[in-house]
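The values are calculated or read from the model by the stated rules, or taken from the named source; none is laboratory data. It should be emphasised that the depicted structure is a prediction, and the values quoted were computed from it without experimental measurement. When we count neighbours, we look across all protein chains shown, and the Cβ atoms used for this are built from the backbone with ideal geometry, even at glycine. Please note that ligands, DNA and RNA were not included when accessible areas were found on the heavy atoms of the full protein model with its side chains. Shrake-Rupley method; radii C 1.70, N 1.55, O 1.52, S 1.80 Å.
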Amino acid sequence: MDHRIVGFEITGDAVLEDSFLPMQDGLTAVYGLNGAGKSRLLRGIRYALLGESSDIGVFVVVQATPDAWESDRFPTSHPRYKTTGYRPTLRYAIAEQIGGWSPDVSFSDDRDRWIQGLSADQVTETVEEVFRSRLRSTNSELEEEIIHNLFFLLHPLGTSNAPRWEVWPAYDSQLPAAKAHLTRHEMLLAENNGNSSASQVLDFLDNGPILPPHLYPFPAYGKQYFHPTRFSPFDAYEGSDPDPMPGILLTPGARALDFGIDLIEESSDPNGTSLELLKYIAEQAAPYSFDEITHQTGTSWLERAGLPPTTMTRIARAVHITEESTLFYQSNGMKTAVDIAAAHTGTLISQRAQQYFGSVLQDAPVPVLRLAAAEERFTRPGAAWEFDTDDSERAGNETRTFPALGLNEMSGAEQKWLRLAIADALYWTGREIERGEVPRPALTLIDEPEAALHRSAESTMATALTDLVASDPRRVMIVATHSPDLLDSPGAKLIEIKRNNGPLSDDDRYVGAKRARSIVQPLDLKDKDSLQTLGLNPSDLLRWTKVFLLVEGHHEKLIFDELFSARLQKARVEVITLDGAKNLKGTADSYILFKYTRAHVVALVDNLQHQAIQNAWAKARELRSTRSQKDAVDHLNVVLKSPSGKKAQEEIGFIRGWLIRALENGVDSRLSPHGLGEKDILNYLPVEAFLPRATSWNELWEQHAEARKTRDNTPRSFKDWLVSQSNSRPLNDDTILEAVAKLTSIPKEFEHLMKRLEALSSEV
């Protein structure tokens with residue numbers, strides 16, 4: 001999906017640090033502690049899109065490239081029952097206001113006809129001229145890069161009834177030519193020992209078309225100065241005294257600009273907005289007979305009404321008129337298209353709201369849009385949302401049935417989500433009727449979706465939101481949340497708003513801030529300790545993990561973290577040290593692991609053949625399922641026999657006891673053994689990294705075994721003996737990490753383990 005909105009510049013805000021937030025497809029989850037600024041960011045995005053002034057420093061960045069804006073010749077809008085009339089796109093608004101396109105018609109029904117009369121090329125040329133007029137560059141490559149991309153930076157400063165923006169043509173500081181230009185400026189500063197007033201530096205800025213972001217503040221109408229971070233307005237000053245050019249005031253009348261994306265907002269009056277759509281349907285259907293709207297046998301009625309055939313086709317499709325329903329309404333004497341259209345549309349809206357509402361809330365009541373009969377419309381609303389109840393009680397020979405409940409009688413969570421569900425159902429129904437199937441994105445902003453939900457219901461909510469955006473690429477959601485369940489959402493983009501505890505910046509002091517502002521940045525989960533800064537509890541952190549890898553000691557964890565850090569993180573694998581395989585058995589009894597997580601548990605034990613253990617475990621699970629638990633345990637005792645060698649006997653005994661305990665506790669589906677063939681994890685690393693004179697690990701193990709037989713004071717532990725050898729390096733983290741760095745390739749057994757962990761993670 002190509003968004004016309006590139007993202008949002010956060011700048012000049014009293015709470016949020018200057019940064020750029022990209023507009024992304026699908027689900028974006030914004031995390032942070034209370035007071036960090038999550039809700040503020042969402043409100044700022046809304047104000048920026050709707051052109052409403054606020055004290056929040058969020059600017060919208062829009063790209064107006066010809067390819068993406070070809071449909072501007074036929075501007076789209078919200079369904080007409082909500083925003084009747086022309087809703088201009090940014091390119092047309094710019095061309096009209098400052099490009100000389102001043103038609104002799106006013107904002108009226110003729111506006112659509114006039115707009116369709118303009119060619120896209122005419123408007124493109126006008127907008128490009130606006131850019132060229134602000135460029136005084138001798139750098140043709142940079143100039144062409146800026147004009148080719150056509151970015152605009154918009155600052156909202158209107159009201160809900162009169163939206164308005166201050167607009168600057170802007171450049172992207174991350175594109176190649178702009179980046180090279182800014183790098184040259186940094187080099188000149190370095191050559192002049194950081195002196196920004198040096199003549200060489202000032203000449204470079206004076207002869208260039210752009211100012212580096214954050215170098216000089218830009219004035220915003222009605223606000224103090226702001227410093228953009230990535231998308232910055234052009235420079236337009238003369239000499240060495242910067243005087244940045246102000247933006248263009250853009251007032252498109254009572255209608256908001258069309259940025260190519262619609263905003264679905266929670267309905268404050270669900271009954272009223274539902275009735276508005278039904279009235280719109282009735283107005284469209286009223287001039288036509290029953291046969292005309294269902295069968296469309298002729299075109300004369302379309303011509304008389306001045307409506308294109310596609311409009312009525314969409315209405316007929318949206319209200320789901322079928323042969324069965326046609327017979328039903330005819331047999332009941334309801335022959336007008338108005339009644340048919342309203343009834344079917346009401347049913348469609350109810351079904352959509354029920355699906356949305358029921359997917360988010362566990363055991364949700366069923367909302368229904370009730371339409372008043374003609375004789376009731378003077379005493380009750382024409383349309384009202386109610387919840388059906390099945391409650392009744394028997395009193396003697398009579399049964400008392402309780403009436404349906406209204407929206408205001410439901411819980412806080414039910415009201416919040418029903419308002420969202422209704423708004424969503426109305427939007428998509430109205431959109432289908434007004435425009436048909438258009439690949440146009442729709443944005444929903446949700447502040448604390450977990451609010452008023454029971455802790456166990458959060459998982460249902462998170463799954464529902466994830467499924468919504470996954471089922472329809474036109475859906476875009478940004479949620480501000482504390483819920484750890486949204487961390488699990490596949491494909492979700494995670495944003496962190498973190499309080500900056502560092503010193504105040506010069507800009508903070510300039511605007512008189514009393515504290516350092518919050519940082520807005522992608523949430524990095526590589527260091528899981530960072531989750532605790534979001535206010536998540538230990539139990540929440542457990543739920544983040546998909547696979548627990550149990551290893552014997554610190555060395556295994558160190559090596560795997562070094563080799564597979566990024567892959568472990570992506571697969572959400574947590575490596576846990578047991579301090580010896582002897583502690584393995586107790587993990588099969590872990591109430592925490594199996595009650596409060598859905599994770600799979602893998603036990604890694606060395607000095608064992610992996611395939612033999614896998615086969616034994618698979619057969620044991622089969623026997624438990626088809627025969628009995630005793631048969632499964634007997635199989636493990638027979639197959640997993642103790643081999644020669646005391647260490648091997650201990651290892652196989654530990655893993656056998658662990659698997660048997662898992663069968664007894666009924667958690668065998670969530671446990672897997674994994675064996676490594678070498679005697680110790682160090683054997684997979686270059687031996688010379690630990691003992692320079694050694695030629696092989698097998699040789700050292702043989703020497704240790706011989707020393708145990710001939711020397712009484714020989715350490716029992718191989719690792720202790722290794723450290724005692726002359727010229728041996730200390731067995732610490734630095735030595736092991738250096739040995740890992742000397743590997744020419746990842747050992748095959750390690751790679752096999754990692755792929756297995758990734759496969760298990762994908763199944764959780």
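Restricting attention to segment 516-527 and to residues that are part of a loop (DSSP other than H, G, I, E, B) and touching an Asp or Glu at 6+ places or on another chain (Cβ under 8 Å), the residue that is modelled with the highest pLDDT turns out to be 517. Would you pick out the residues in segment 535-553 that are modelled with pLDDT of 80 or more and open to solvent by 10 Å² or more (accessible area, probe 1.4 Å)? Those that are modelled with pLDDT of 80 or more and open to solvent by 10 Å² or more (accessible area, probe 1.4 Å): 546, 552, 553. Of the candidates 731, 737, 760, the single residue that is open to solvent by less than 70 Å² (accessible area, probe 1.4 Å), over 38 Å from the mean Cα position of the chain (by Cα) and among the aliphatic types (A, V, I, L, M) is 731.
Candidates 579, 606: the one that is of a type in the set (Asp, Glu), at pLDDT 75 or above and over 29 Å from the mean Cα position of the chain (by Cα) is 606.
For residue 750, state whether it is closer than 21 Å to residue 557 by Cβ, more than 43 Å from the chain's Cα centre (by Cα) and among the hydrophobic types (A, V, I, L, M, F, W, C).
So residue 750 does not fit the description; no.
Of the residues contained in segment 205-221, one or more are found to be touching an Asp or Glu at 6+ places or on another chain (Cβ under 6 Å), assigned to a loop (DSSP other than H, G, I, E, B), surrounded by fewer than 17 Cβ atoms within 10 Å (Cβ to Cβ) and at pLDDT below 90.
Working only within segment 178-200, note down all residues that are under 24 Å from residue 11 (Cβ atoms) and buried (at least 16 other Cβ atoms within 10 Å of the Cβ). Answer for segment 178-200, where residues must be under 24 Å from residue 11 (Cβ atoms) and buried (at least 16 other Cβ atoms within 10 Å of the Cβ): 178, 181, 182, 185, 189. Of all residues in segment 379-398, those satisfying the criterion of being modelled with pLDDT under 55 and open to solvent by less than 80 Å² (accessible area, probe 1.4 Å) are 392, 395, 396. Checked against (1) part of a loop (DSSP other than H, G, I, E, B); (2) of a type in the set (Val, Ile, Thr); (3) modelled with pLDDT under 55, residue 326 passes all but a single condition, namely (1).
Restricting attention to segment 713-723 and to residues that are surrounded by 14 or more Cβ atoms within 10 Å (Cβ to Cβ) and not β-branched (Val, Ile, Thr), the residue that is nearest to the chain's Cα centre (by Cα) turns out to be 719. Every listed requirement among (1) under 45 Å from the mean Cα position of the chain (by Cα); (2) at pLDDT below 85; (3) not aromatic (Phe, Trp, Tyr) is met by residue 676 save one, (2). All told, residue 612 meets the bar of being modelled with pLDDT under 85 and part of a helix (DSSP H, G or I). Restricted to helices (runs of 4 or more DSSP H) entirely inside segment 107-150, those with at least 3 residues that are at pLDDT 60 or above, open to solvent by 20 Å² or more (accessible area, probe 1.4 Å) and within 30 Å of residue 203 (Cβ to Cβ) are 120-133, 140-149. Among residues of segment 687-738 being part of a loop (DSSP other than H, G, I, E, B) and of a type in the set (Lys, Arg), the one that is nearest to residue 561 (Cα to Cα) is 729.
Taking segment 22-41 as the range and being touching a Ser or Thr at 6+ places or on another chain (Cβ under 6 Å) and not in a strand (DSSP E or B) as the test, the residues that pass are 36, 37.
Just one of the listed residues (646, 619, 630, 641) is closer than 19 Å to residue 678 by Cβ, of a type in the set (D, E, K, R) and either open to solvent by 80 Å² or more (accessible area, probe 1.4 Å) or modelled with pLDDT of 85 or more (or both), and it is 646.
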